[in-house]
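The values are calculated or read from the model by the stated rules, or taken from the named source; none is laboratory data. Computed from a prediction, not measured in an experiment: that's the story for all the values here. Cβ placement follows ideal geometry from the backbone for every residue including glycine, while neighbour counts extend to all protein chains displayed. Accessible surface is based on the protein model in full, side chains and every heavy atom, while ligands, DNA and RNA are left aside. Shrake-Rupley method; radii C 1.70, N 1.55, O 1.52, S 1.80 Å.
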Amino acid sequence: MSESTGVIHDIGYQRYEGPRLGRGPVFAALYLHGLRTVFGFGRSAKAKIFPWLVVGIVIVVAAVVAAVRSQIGQVVITYAQFADTMSWLIIFFAAVAAPELVSRDLRSGVLPLYFSRPLARSDYPLAKLLALVTALWLLLGGPQLVMFLGAAFTTEEGPRGVWNELLDLLPGLLYAGLWAAVFGAIGLLIAALTGKRAFAAGGIVAVFLMTTPIVGILAILPAQTINELAFLASPMTMVNGVGTWALGDLLFEGGGGLPIGGFGPLYALAAVLLVAGCVVLLLARYRKVATR
Amino acid sequence: MALIATESLTKTYRGGVTALADLTVVVEPGVVGLVGANGAGKSTLIKILLGLLPPTNGQVRVLGLDPTTQPDQVRARVGYMPEHEALPPDLSAAELVTHLGRVSGLPRTVARERASEALRHVGLYEERYRPVGGYSTGMKQRVKLAQALVHDPDLLLLDEPTNGLDPAGRDAMLALIHRIGTEFGISVLVCSHLLGEVERICDTLVAIDGGRLLRADRIDAMTSATDVLAVEVSEGTEELAAHLAALRLPVRRDGRLLLVELADDDTYDQILGAVAELDLPLHRLDQRRHRVAELFATREPSHV
C-alpha cells in the first residue's frame, strides 16, 4: 500500500494582487464570448444545431460549386455572387444569432452584472455587434475561401491563375463584409429592443421581408429617377446596388445588375449611413438600459 | 478612510420623485446594514455608489473615490449583487462567473481559477458545471454572490441577498455574508427591508426612510446596556415575579414572560435560585437583546 502523502488544506480566501487588464483585453474577452455564443460554444447541444446547420449548408454549396467548376470548367457562381445567393440564409442566421447575443441578456437581467464592472457602456453593444458582423462575414467569406482553394488547386494557368483567382476573391470578401455589416447592424439593433427572442427574430425577418415589396412598387412607378432609387428602400437591394456600382462584372457578368443609373455612389453613402445610424441608435439604447 | 461617505446626497428622478433627500452619512469599513422599507431609496443609493446614476445634488465617496467622476476605478474595487434575477439560464455557473471575471479585467487563467474559488467559497462544487437554469433559488443567489466576489473587491454591495430564500437558506446566506465580512477582509454593505435579519450580522446599521436618514450608528452603541433575561415558567409566574421583586431585581411582565434586566452573571444565579426555591417548572431562561427596531423609534439622526 502506498503511503498517503497528500493532505488537503483549506487555504481560505485568497486576495488577488495580480494585474488587472485594461479596456482592450476586456473588449476582446466580450467579443470572443459573443462569437462563441453565436456558434453555440460553451452552451447546450441544442444551441449548436442551427448555427452549424447553416455552416454546413454554405460549406456544402461552396464545395459543390468548386467541384462543378473543376470538373466541367464552368463558373456557376462568382465569389461576389455567393453572398447574394446566400442572402436569405444569412438573414435567418442573423435573426437567430442577434437575439442570442442581446435579447437573452436583456431578458435574464444579466446586464447589471456587466455595467457594475469597469466596462465602458458603449463597449458592450459594440463588442456584440462586432461579434455578429464577424460571424456573418465568416459565413459568407469562409465558403468563398473553399471555392478559392478549389479553383487554385485545379487552375491550369499556374501561379498566374492563382493570382487572378485571388484578385477575384478579395472584392468578394469585401462585398461579404458589406453584407455582414448591414445585416449585423440592423439585426442587432432590432434584437436590442426586446428581451423576447421570438419577437426579435420575427422583427428582423420582417424588416427584410416587408421592405422588399416597397422596392417592387417604387420600381414600376412611371418615373425613371424613382425607379433608379427604388432599391434604397430595402437593405438587401441597397447592398445589391452598391455591389452593382462597385463590383460590376464580378457580380453580374455581361453588364447586368440592378438598374440604378448613375446613383451608385449614393447607394454606397446610403449603406454607410444606414450602418452608422443603427450603431448610433444601438449606443443610445444601451445608454438607457445601463442605468436600470 | 471612510468606506462610504455622502454629504447632502439628493436624487430626484424625472417626474419629481425624490428617492434620496439630503442624505449625509459616513460609515467605516466592516459589515454595514442598510435598512429601510421598499422604496426607501436603498437601490437608488447603491446605483449612485456604483456610478450608474448621477446624483441630483450633493457629494459621494466610495473607498475614497468619487463614483461620479471615477466610476471605473470604483467599479474595479466593488462587487455588486443585484436584487433581481440576473443569471442567463443556459450558461453554467463556472462559465458565467469566469466570463464576468474577465470583464472585470482578470487574465483568462486567473479568471477561471478565481471563479472556481469564489463558487467554492459560496458552497457550489460539482454543480457549477451545470446550466444555471436548473438551479434552486438558493443556488442562484450563491452564484450572484460568487460573481460579485470573483474579482476580489474591497467592498461588496448586496441588494436584498436573502430575497426569495427559505428560513434555512436565509440563515446560510447571512452566515456566509458574515464570514466574508470578518474572515475575507472585505467590507460589505447589505441592503434589506428586514431589520431583524441584518442586525444579526452587522457592525454598523444605517436606516433610511423615504430617502432620509433615520439613524446611523454602530450596532453595539445601539444595543449596549439593554440586555435582558427572559424567564418563562409553566405555572406560578406571579409568585416568581413577587419573589424576584423581593430580591430587588427589576422585573417586568411581558405576556407569559418575565423580563429581568441583566446586571451581571449573578442575575442568572439569583433567578435560578428563586425558581428552585419555589420549585417551579422552568420553561426557558434566555438572554434577549432589545430589538434595534425600538431604537429607531427615537428618530434622531447621528453619525458614526
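For region B:4-223, a crude dipole built from +1 on the beta carbon of Lys and Arg and -1 on the beta carbon of Asp and Glu, taken about the Cα centre, is about 460 debye to the nearest 20. Legend: distances between Cα atoms for A:Lys128/A:Lys196; A:Lys196/B:Lys42; B:Lys42/B:Lys144; A:Lys48/B:Lys140; pairs beyond 23 Å are A:Lys196/B:Lys42; A:Lys48/B:Lys140. Dimensions of chain B based on its C-alpha atoms, expressed as ranges along the principal axes with the largest first, amount to 71, 48, 35 Å.
Placing +1 on the Cβ of every Lys and Arg and -1 on the Cβ of every Asp and Glu, with no other charges, gives region B:131-175 a dipole of roughly 200 debye about its Cα centre. Among B:Ile201, A:Ile220, the order of accessible area from largest down is A:Ile220, B:Ile201, computed with a 1.4 Å probe on protein heavy atoms.
Taking a Cβ cut-off of under 11 Å around B:Ala40, the surrounding Lys, Arg, Asp and Glu residues balance to a net charge of +1, with basic ones at +1 and acidic ones at -1. Distance between the pseudo-spin-label points of A:Thr155 and A:Ala45 (7 Å out from Cα toward the beta carbon): 4.3 nm. Helix B:108-121 and the longest principal axis of the C-alpha atoms of chain B enclose an angle of approximately 20°. Taking a straight line from the alpha carbon of B:Lys11, these aspartates and glutamates sit under 13 Å away, with near neighbours fewer than eight places off in the same chain left out: B:Asp22.
Accessible surface for A:Thr211 stands near 30 Å², nearest 10, in the context of the full protein assembly shown (1.4 Å probe).
Evaluated on the protein assembly as shown, the Kirkwood hydrodynamic radius is 28.7 Å, with distances taken between all distinct Cα atoms. Using the Cβ-Cβ distance between B:Ala175 and A:Ala284 with R0 set to 35 Å, the FRET efficiency from 1/(1 + (r/R0)^6) comes to roughly 0.20.
What's the percent breakdown of Cα-Cα distances in region B:228-288 across 10 Å bins, shortest bin first? P(r) for region B:228-288, in whole percents per bin: 25, 67, 9. Per residue, the convex hull spanned by the Cα atoms of region A:23-290 measures out at 142 cubic angstrom.
Would you report the distance distribution of C-alpha pairs in region B:1-158 as whole percents per 5 angstrom bin, up to the bin with the largest distance? Once binned at 5 Å, the Cα pair distances of region B:1-158 give 2, 9, 17, 19, 17, 14, 11, 8, 3, 0. When +1 charges are put on Lys and Arg Cβ atoms and -1 charges on Asp and Glu Cβ atoms, the dipole computed for region B:228-288 relative to its Cα centre reaches about 280 debye. Residue by residue along A:26-35, Cβ atoms of other protein chains within 10 Å of the local Cβ number 3 on average. Pick from B:Pro88, B:Pro55, B:Pro71 the residue whose mean-square fluctuation is largest in a GNM of chain B, springs joining Cα atoms under 10 Å. Sorting by GNM fluctuation, first place goes to B:Pro88.
The residue among A:Leu113, A:Met147, A:Gly42 whose Cα reaches farthest toward the positive pole of the charge dipole of chain A, with charges on the beta-carbon of Lys, Arg, Asp and Glu, is A:Leu113. Modelled label positions at B:Ala245 and B:Ser136, each set 7 Å beyond Cα in the direction of Cβ, lie 5.0 nm from each other. Direction-averaged projected area, Cα convex hull, region A:14-104: 9.7 nm², rounded to one decimal. Taking Lys and Arg as +1 and Asp and Glu as -1, the other residues whose beta-carbon sits under 14 Å from that of B:Leu280 total -4.
The longest stretch of chain A left intact once loop-based GluC sites (Glu not before Pro) with at most 11 other Cβ atoms within 10 Å are removed from consideration, loops following DSSP, is A:18-155. Label sites at B:Asp209 and A:Leu193, each approximated as a point 7 angstrom past Cα along Cα to Cβ, lie 4.6 nm apart. Using the Cα centre of chain B as origin and beta-carbon charges of +1 (Lys, Arg) and -1 (Asp, Glu), tell me which of B:Tyr135, B:Gly105, B:Ala242 is placed farthest towards the positive end of the dipole. Toward the positive end, the furthest listed residue is B:Gly105.
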